[in-house]
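The values are calculated or read from the model by the stated rules, or taken from the named source; none is laboratory data. Computed from a prediction, not measured in an experiment: that's the story for all the values here. Here the Cβ is made from the backbone with ideal geometry for all residues, glycine too, and neighbour counts use every protein chain on show.
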Amino acid sequence: MTSAPPAPRPSWLLPTLAGYRRAWIGRDVLAGLSAGAVVVPQAMAYATIANLPVEAGLYTAIVPMAVYALLGGSRAMSVSTTSTIATLTATTFVSAGVVANSDQIPRDLVTLTLLVGAALLLARLMRLGSLVEIINKPTLLGIQIGVGATVAVGQLPKLLGETSAPTGGGFIHSINAVIAAVPQANPVTAILSLVSVAALFLFKRFLPRVPGPLVVVAAGILLVAFGGLRDAGVELITPVGQAFPLPTLPSLQHVFQLIPGALAIAVMAFLESAAVARGIRELDDPRIDSNRELFATAAANVVGGWFQTLPAAGGFSQSAVNKAAGARSQLASLVTVVLALLIGLFLGPVISLLPQATLAALVFVAVFGLVDVKDLVLLWRISRRDFAIAMLTTVIGLTAGLLAAVGVGVLFTLILVLSALNRPRVRAEEAADGRMTVVLLGPLYTANVLATEQSVLDAADAARATAPLTELTLDCSTLQDISITVILALRDLDRELAGRDVRLRVRGLPSAARAVAARTPWFRSLEAGGRVE
């Protein structure tokens, strides 16, 4: 008697294991360890941007990453937190009046991450996956530059030996904090920071396969343990105990104040995740489904929120390491999760020896790449308008704050999209024997139908200026859908042309749109008069 075959795995669970080969296991394990060497120290460092304990970053490298590994469709994307998300978290806390400190994780962080997850989940339920991605490159570049400059300047006091975390107060506040920190700079801390930053850049430039962040973190800990840095006044991070993510209830004290920041973070989280997922996809990998990624990112935040994590998104640096090490599925991310758990459970006393300046150096180098001068130069050469949008978004981010920059960036994008969609798209063919054809090149809807009507009339007037015109055929093949507003506008077009002694004919209207139009007396009269082809 043969045993029954195993029940098939649901398609929504572990989709990256579909068609998995046993030969990939070794590559996935190596990739997970390599990515962990980058993501764990970086996640801890990013937590300090929001003046949160490093445990918050460590938890973000565990729970959201595990959830995405179960649900996400990108084979190599590593999901924890990013410099952009951490910076927006800091800004949101300051705007909402939340007091964050490096001694304990505030319950408001639980609330914020849950709000981000809820916003993403709502967008998924409304199938807005593709809509969220409409933010254009200039706007996104301006936000990234604003984040990079704000975070980089915000790390300078820590690189000089101060313990303040001014990033959440914005760029101007960070500049003031740097000026105040210079007279009290600790020389040994400044030297350690300089060497750490230089080492990270050198690793990135000449030894990209070596986990530079892990090497620098290990060196910093060894120098504290055996090199006497503590006696020289080098500040260490807040002591880390046994760090294991435990469920925590949210705080409702600042929930309404946190909502604007949560919406901004949700937009940026999905934008970053979608960009990373598409950027690292191989040609033979499954296509990235925007709505699946939206759901996976939402679930990562909803589940992670209960465990005191920062809002989560796909990170480019750790994902690039993951891919370069040969990751073939999200099994690599699960290996990273296990590594982060082991670090949290057993290496807390060792991590507590980490100099604060070393973590600041990790953040400084990580955000340095956000200030992409080459992309700015490219925008200047291709489109001065796009360059102006990028710079305006940057200036708003540096002066009014990053939340305002995200809001203005979304508004810019919507204006540009509507402007492009509302532009009438018609092609007037040359008139002959008193007849001409105007072809609609795009759909008609409320916002562009009047401008399109005027374009058709202008084409008719231009043709009448050179020769008699008695008939105009409107090719409506592109109108897969039609509304009462469009039908009334076409009726007005018929009336305007009749006033010019020009007969309107309608050609190529698809059957579904024609059935809707036929419910009106005007269109039925057109059909009765033989003016519909």
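A compact table of results
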{"read-out": "Within the stretch 486-514, tally of residues that are surrounded by 14 or more Cβ atoms within 10 Å (Cβ to Cβ) and either under 40 Å from the mean Cα position of the chain (by Cα) or not assigned by TED's automatic domain parsing to the domain that holds L441 (or both)", "value": "6"}
{"read-out": "Within the stretch 47-95, considering residues that are within 19 Å of S174 (Cβ to Cβ) and small (G, A, S), the one surrounded by the most Cβ atoms within 10 Å (Cβ to Cβ)", "value": "A86"}
{"read-out": "Filtered residues of the stretch 496-533 (kept if more than 14 Å from C476 (Cα to Cα) and among the charged types (D, E, K, R))", "value": "E496, R500, D501, R503, R519, R524, E527"}
{"read-out": "Where a residue in the stretch 299-328 is without any contact (Cβ under 8 Å) to a residue 40 or more places away in the chain and its partner, wherever it lies, is surrounded by fewer than 24 Cβ atoms within 10 Å (Cβ to Cβ) and of a type in the set (A, V, I, L, M), with Cβ under 6 Å and at least six apart", "value": "none"}
{"read-out": "Residue among T452, T473 that is assigned to a helix (DSSP H, G or I), at pLDDT 90 or above, buried (at least 19 other Cβ atoms within 10 Å of the Cβ) and not hydrophobic (A, V, I, L, M, F, W, C)", "value": "T452"}
{"read-out": "Number of positions in the stretch 32-46 that are surrounded by fewer than 24 Cβ atoms within 10 Å (Cβ to Cβ) and within 17 Å of F364 (Cβ to Cβ)", "value": "0"}
{"read-out": "Matching residues in the stretch 96-107 - criterion: being more than 13 Å from A47 (Cα to Cα) and surrounded by fewer than 20 Cβ atoms within 10 Å (Cβ to Cβ)", "value": "G97, V99, R107"}
{"read-out": "Residue in the stretch 1-41 that is modelled with the highest pLDDT, counting only those that are part of a helix (DSSP H, G or I) and polar (S, T, N, Q)", "value": "T16"}
{"read-out": "Single condition P468 does not satisfy, out of (1) at pLDDT 85 or above; (2) assigned by TED's automatic domain parsing to the domain that holds F203", "value": "(2)"}
{"read-out": "Qualifying residue in the stretch 455-464 (condition: among the acidic types (D, E) and touching a residue at least 24 places away in the same chain (Cβ under 8 Å))", "value": "yes"}
{"read-out": "Any hit, the stretch 259-270, residues being part of a helix (DSSP H, G or I) and under 28 Å from F346 (Cα atoms)", "value": "no"}
{"read-out": "Condition broken by Q155, with the remaining ones in (1) touching a Gly at 6+ places or on another chain (Cβ under 9 Å); (2) surrounded by 24 or more Cβ atoms within 10 Å (Cβ to Cβ); (3) not small (G, A, S) satisfied", "value": "(1)"}
{"read-out": "Condition met for V132 (farther than 30 Å from A232 by Cβ and at pLDDT below 85)", "value": "yes"}
{"read-out": "Residue check for V67: under 19 Å from the mean Cα position of the chain (by Cα), assigned by TED's automatic domain parsing to the domain that holds T248 and over 30 Å from V153 (Cα atoms)", "value": "yes"}
{"read-out": "Scan of the stretch 415-424 for residues that are surrounded by fewer than 17 Cβ atoms within 10 Å (Cβ to Cβ) and either in contact (Cβ under 8 Å) with a residue 12 or more places away in the chain or within 16 Å of the chain's Cα centre (by Cα) (or both), ordered by number", "value": "V417, L418, L421, N422, R423"}
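Residue-wise test of (1) modelled with pLDDT under 90; (2) under 26 Å from V410 (Cβ atoms); (3) hydroxyl-bearing (S, T, Y).
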{"residue": "L222", "(1), (2), (3)": "no, no, no"}
{"residue": "R230", "(1), (2), (3)": "yes, no, no"}
{"residue": "G233", "(1), (2), (3)": "yes, no, no"}
{"residue": "I237", "(1), (2), (3)": "yes, no, no"}
{"residue": "S251", "(1), (2), (3)": "no, no, yes"}
{"residue": "A266", "(1), (2), (3)": "no, yes, no"}
{"residue": "E282", "(1), (2), (3)": "yes, no, no"}
